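*Asks:* Structure in structure tokens, see below.
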């Protein structure tokens with residue numbers, strides 16, 4: 001039987017982070033993962049992460065995945081792929097299926113970081129080819145370069161549904177509708193807003209009646225639901241689609257922990273059946289730890305910090321670091337994790353209707369119900385200002401943990417302050433130099449540079465743009481409003497690309513000046 005100081009199950013963000021921390025402390029570490037590529041969900045994540053520098057903010061997920069792999073390799077972590085862990089028994093014996101062979105390993109400590117699996121919902125026709133999980137669609141697009149379909153309906157308005165809807169549009173699919181039985185958008189408003197301004201309609205308080213088709217999906221019918229989630233007769237709506245994506249939540253993959261005899265609980269706030277553990281991942285079985293979504297569904301940024309915590313705790317458990325050193329490490333990590341768990345989307349606020357921001361500003365009801373902020377609501381937020389000359393307009397209207405815009409502006413035009421969840425403001429008296437770094441660095445694509453009056457009856461708006469092909473200078477088209485509808489004619493005056501922008505292109509369009517605060521997307525005519 002092969003022995004390691006630490007066995008980690010799962011080579012996703014939390015598992016790799018745990019392995020790196022433990023290996024740095026001197027442990028002999030092996031990581032098993034059933035997939036053919038390490039990195040878990042990170043290599044499907046082409047969007048930029050939220051948070052701060054410490055959370056790897058403004059870095060795209062697949063880049064973070066590669067960074068973790070490089071760190072693991074440098075630390076001497078052994079990563080074994082195509083390795084399915086089929087058993088976790090007493091005395092931390094781990095049984096792994098490697099090809100046609102079953103191999104037994106012994107760990108002095110074990111960290112389970114198996115992540116979560118996509119939930120499904122049932123409806124007539126749900127087994128037809130063409131009904132897939134949003135994660136599966138993301139895998140097809142971003143790992144294998146395969147279109148999931150041409151016309152897609154998305155069920156679910158959490159961050160996964162919103163992010164994948166935008167990525168479907170990026171790869172050339174038409175998202176005909178984004179549907180959710182809940183009465184309000186579940187994910188970040190900035191994610192919803194960037195989907196809405198491309199023209200995707202939101203149907204809240206709606207869900208699927210049936211998927212249509214004989215051998216595959218050819219259409220779908222949705223209907224409005226009442227407060228008891230029962231269909232309201234006469235509200236049916238039909239869409240011709242070839243794909244239905246389901247983004248209806250995740251469930252922790254905690255089977256190994258139950259097999260090992262860990263105490264478990266059904267906890268809806270954490271995603272389902274999870275192990276009972278302390279703040280740093282120690283389960284009821286000494287020497288078995290958990291990290292990431294297997295212990296409760298959160299964002300990948302949180303999972304990485306939880307992994308680092310578990311790796312350090314395992315190192316102390318095995319005597320590789322002293323308690324004082326562990327406390328110092330955990331104090332730093334606690335502070336970083338606490339920052340991510342603040343604001344409107346904190347775990348403690350799940351399921352709650354937040355009516356005002358921390359600053360006392362009424363939350364946009366249009367954003368919650370329609371996916372976009374109404375024109376008459378937008379100027380009540382501190383990042384949206386009117387002034388002469390080029391200036392940033394920051395349409396970030398919810399308290400989410402993110403501050404790259406503050407760091408990006410070297411002229412000090414943007415401030416969030418010490419609290420990472422505060423709404424960004426445009427600093428009085430500051431002078432924008434039109435460098436575009438704030439636009440490119442905003443993880444939510446919620447910052448625009450606006451010159452409201454060019455002196456000839458026109459205005460110029462610089463937008464974040466992540467679609468191909470890039471429009472050339474002189475390309476004519478239309479400016480779309482926050483709701484995705486045409487508001488005016490527009491012409492491209494500049495398209496800037498730079499290594500520093502990290503594949504977020506800056507598209508500058510000229511519009512009639514009365515639409516300077518309304519046009520937020522460009523569509524080629």
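The values are calculated or read from the model by the stated rules, or taken from the named source; none is laboratory data. If you're wondering where the values come from, they're calculated on a predicted model, not measured in any experiment. Cβ sites come from the backbone with ideal geometry, for glycine too, and all protein chains shown count toward neighbours.
*Asks:* Tell me which residues, restricted to segment 422-440, are surrounded by fewer than 23 Cβ atoms within 10 Å (Cβ to Cβ) and touching a helix residue (DSSP H, G or I) at 6+ places or on another chain (Cβ under 8 Å).
*Replies:* 437
Residue-wise test of (1) buried (at least 18 other Cβ atoms within 10 Å of the Cβ); (2) closer than 22 Å to residue 13 by Cα; (3) in the same structural domain as residue 421 (by TED's automatic domain parsing).
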{"residue": "72", "(1), (2), (3)": "yes, yes, no"}
{"residue": "79", "(1), (2), (3)": "yes, yes, no"}
{"residue": "82", "(1), (2), (3)": "no, yes, no"}
{"residue": "100", "(1), (2), (3)": "no, no, no"}
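*Asks:* Being in contact with a strand residue (DSSP E or B) (Cβ under 6 Å, 6 or more places away or on another chain), buried (at least 21 other Cβ atoms within 10 Å of the Cβ) and touching a residue at least 12 places away in the same chain (Cβ under 8 Å) is the requirement here; does residue 133 meet it?
*Replies:* So residue 133 does not fit the description; no.
*Asks:* Among the numbered criteria (1) assigned by TED's automatic domain parsing to the domain that holds residue 449; (2) under 20 Å from the mean Cα position of the chain (by Cα); (3) surrounded by 23 or more Cβ atoms within 10 Å (Cβ to Cβ), which one does residue 367 miss?
*Replies:* (1)
*Asks:* Sort out which residues of segment 472-525 are more than 16 Å from residue 448 (Cβ to Cβ), more than 31 Å from the chain's Cα centre (by Cα) and surrounded by 17 or more Cβ atoms within 10 Å (Cβ to Cβ), and write them in order of number.
*Replies:* Answer for segment 472-525, where residues must be more than 16 Å from residue 448 (Cβ to Cβ), more than 31 Å from the chain's Cα centre (by Cα) and surrounded by 17 or more Cβ atoms within 10 Å (Cβ to Cβ): 475, 491.
*Asks:* Let me ask another. So in segment 372-384, with the set limited to residues that are free of Cβ contacts under 8 Å to residues at least 60 places away in the same chain and not in a loop (DSSP other than H, G, I, E, B), which one is farthest from the chain's Cα centre (by Cα)?
*Replies:* 376
*Asks:* If you don't mind, another one. Determine, yes or no, whether residue 462 is assigned by TED's automatic domain parsing to the domain that holds residue 513 and part of a strand (DSSP E or B).
*Replies:* Spelling it out, residue 462 is indeed assigned by TED's automatic domain parsing to the domain that holds residue 513 and part of a strand (DSSP E or B).
*Asks:* What's the number of the condition residue 484 fails, among (1) farther than 22 Å from residue 366 by Cβ; (2) outside any strand (DSSP E or B)?
*Replies:* Against the list (1) farther than 22 Å from residue 366 by Cβ; (2) outside any strand (DSSP E or B), residue 484 comes up short only on (1).
*Asks:* Are any of the residues in segment 203-211 assigned to a strand (DSSP E or B) and under 26 Å from residue 446 (Cα atoms)?
*Replies:* Among the residues of segment 203-211, at least one is assigned to a strand (DSSP E or B) and under 26 Å from residue 446 (Cα atoms), which makes the answer yes.
*Asks:* So, in segment 385-412, exactly how many residues are out of contact with any strand residue (DSSP E or B) (no Cβ under 6 Å at 6 or more places or on another chain) and either exposed (fewer than 14 other Cβ atoms within 10 Å of the Cβ) or in a loop (DSSP other than H, G, I, E, B) (or both)?
*Replies:* 15
*Asks:* Same structure again: Which of the following residues is over 16 Å from residue 421 (Cβ atoms), surrounded by 18 or more Cβ atoms within 10 Å (Cβ to Cβ) and touching a residue at least 40 places away in the same chain (Cβ under 8 Å): 353, 340, 330?
*Replies:* After ruling out the rest, the residue left standing is 330.
*Asks:* In this structure, does residue 421 turn out to be in contact with a strand residue (DSSP E or B) (Cβ under 9 Å, 6 or more places away or on another chain) and assigned to a loop (DSSP other than H, G, I, E, B)?
*Replies:* Yes: the conditions hold for residue 421.
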